[in-house]
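Trainee: My structure is below; once you've seen it, I'll send some questions.
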Amino acid sequence: MTTPTLHPVRFDAPLVNPSPSGLYGVTTWTNDAVPRWLASGVQVRPHNFGGESAFGVWAASWCGDPGDELKDGDRPDPETTPFDPITVWAFDSCDPTPGSQEEVRLRVRQNMRLLEQVAVEREIAARLIADAPAGPAPADLVSALGHLEAELAKTNTTGFIHASAGVAAAASAANLVIRTGSTLKTPLGHTWVFGGGYVDGLGKALIATSPTFGWRDEVAVRETISAENNEFIAIAERSVVVGWETAVATAWLT
């Protein structure tokens with residue numbers, strides 16, 4: 001008598017939501033209906049930083065000769081380097097039966113939901129390091145954050161601290177994380193951005209920036225049938241730009 005072959009029961013894992021931490025949750029998004037910026041990116045014009053050369057403390061006597069004391073200066077250069085668009089995509093394929101087609105569409109959209117933010121964080125990490133001024137010698141986490149908060153304090157603004165998700169546990173253990181609703185703050189009220197893409201992208205670097213702005217189009221799902229391979233194919237994609245007004249400071253961990 002032949003023993004029947006028993007196949008395992010198939011169970012489709014339920015869809016999960018993306019992590020609320022990371023860059024996307026704290027970015028101010030502008031969803032343009034017609035994204036004209038796709039080809040050349042976005043150039044952010046500074047209004048809150050770079051005005052040090054047009055500010056001063058009056059040192060001449062009140063009623064005397066002002067001498068070389070002049071109240072003048074230069075406006076910050078508006079011609080900043082544009083932030084380039086990033087195109088992210090997801091692919092899936094299966095047989096062309098109606099049920100399989102629906103599964104393929106579901107899979108590409110879910111892959112986009114879960115993987116997009118991490119990919120964008122990883123892509124912009126190099127720009128973060130390039131834009132931010134070089135920091136002091138590598139130090140422990142408390143000293144590194146102290147340097148970043150001091151540099152942000154000089155601007156009299158609150159900003160973002162971009163760091164690898166691997167730093168979050170150490171920051172919490174050192175009482176450097178204060179939860180405010182769904183947002184994580186530093187002792188002086190700056191926003192922690194613990195990104196999954198920063199694990200590889202930033203490594204041991206911590207970058208302080210002004211708040212981030214984002215532009216993105218809707219996710220487009222394009223599909224086709226490959227008759228010669230008897231396949232239904234779908235690709236989900238969108239383009240994204242994330243930028244900031246200024247990168248304030250860098251600190252490195254030992």
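What follows is calculated from the coordinates using simple rules that are stated; it is not laboratory data. None of these values were measured; they are calculated from a predicted model. Every residue, glycine among them, receives a Cβ derived from its backbone with ideal geometry; neighbour counts consider all protein chains shown.
Trainee: Would you kindly compute the Cα radius of gyration of the chain and its largest Cα-Cα separation (Dmax), both in Å?
Mentor: 24.6, 115
Trainee: Give the order of Ile225, Ile233, Ile161 when sorted by the count of other beta carbons within 10 angstrom, beginning with the fewest.
Mentor: Numbers: Ile225 13, Ile233 18, Ile161 27.
Final ranking by Cβ density, sparse to dense: Ile225, Ile233, Ile161.
Trainee: Using only the alpha carbons of region 140-188, determine the length spanned along each of the three principal axes and report them from longest to shortest in whole angstroms.
Mentor: 28, 27, 17
Trainee: Taking amide H atoms as placed 1.01 Å from N in the peptide plane, list the residues 5 or more away in sequence, or in a different chain, whose amide H sits under 5 Å from that of Thr30.
Mentor: So Thr30 has HN proximity to Gly214, Trp215, Arg216.
Trainee: Where does the chain land at 222 nm, in deg cm²/dmol rounded to the nearest 500, when only DSSP H runs of n ≥ 4 count, each adding -39500 (n - 2.57), divided by all residues? Don't jump to the answer; show the numbers that get you there.
Mentor: Numbers: 5 runs with 63 residues, N = 254.
Helix-only estimate at 222 nm: -8000 deg cm²/dmol.
Trainee: Could you derive backbone 3J(HN,Hα) for region 219-226 from the dihedral phi with the Karplus parameters 6.51, -1.76 and 1.60 (θ = phi - 60°), listing whole Hz in sequence and x where the residue is Gly or Pro?
Mentor: Once rounded to whole Hz, the list reads 5, 9, 10, 10, 9, 7, 10, 8.
Trainee: Non-local amide H neighbours of Leu184 (under 5 Å, H modeled in plane, Pro and chain starts lacking H): which ones?
Mentor: Residues meeting the criterion, in which the H sits 1.01 Å from N, are Trp192.
Trainee: State the volume of the convex hull built on the alpha-carbon positions of region 95-143, expressed per residue in Å³ and rounded to an integer.
Mentor: On the way: hull volume 5.8 nm³, N = 49.
It comes to 119 Å³ per residue, whole-number rounded.
Trainee: To continue, here is another question. Can you list the HN-Hα couplings for region 133-149, worked out from phi with the Karplus curve (6.51, -1.76, 1.60; θ = phi - 60°), rounded to whole Hz and with x for Gly and Pro?
Mentor: x, 4, x, x, 4, x, 9, 6, 4, 5, 5, 5, 5, x, 5, 5, 5
Trainee: Take Phe213, Phe55 and order them by how many other Cβ atoms sit within 10 Å, fewest up front.
Mentor: Numbers: Phe213 17, Phe55 8.
Taking fewest neighbouring Cβ atoms as first place, the list is Phe55, Phe213.
Trainee: Still on this structure: Expressed in nm², what is the orientationally averaged projection area of the convex hull enclosing the Cα positions of region 173-254?
Mentor: Working: hull surface 37.1 nm².
Orientation-averaged projected area of the Cα hull: 9.3 nm².
Trainee: Give the Cα extents of region 67-209 along the principal axes, in whole Å, largest first.
Mentor: Ordered largest first, region 67-209 gives principal extents of 84, 41, 30 Å.
Trainee: HN-Hα J couplings of region 114-125 from phi, Karplus 6.51/-1.76/1.60, θ = phi - 60°, integer Hz, Gly and Pro as x?
Mentor: Per residue, the Karplus-derived 3J(HN,Hα) values read 8, 9, 4, 4, 4, 5, 5, 4, 5, 5, 7, 4 Hz.
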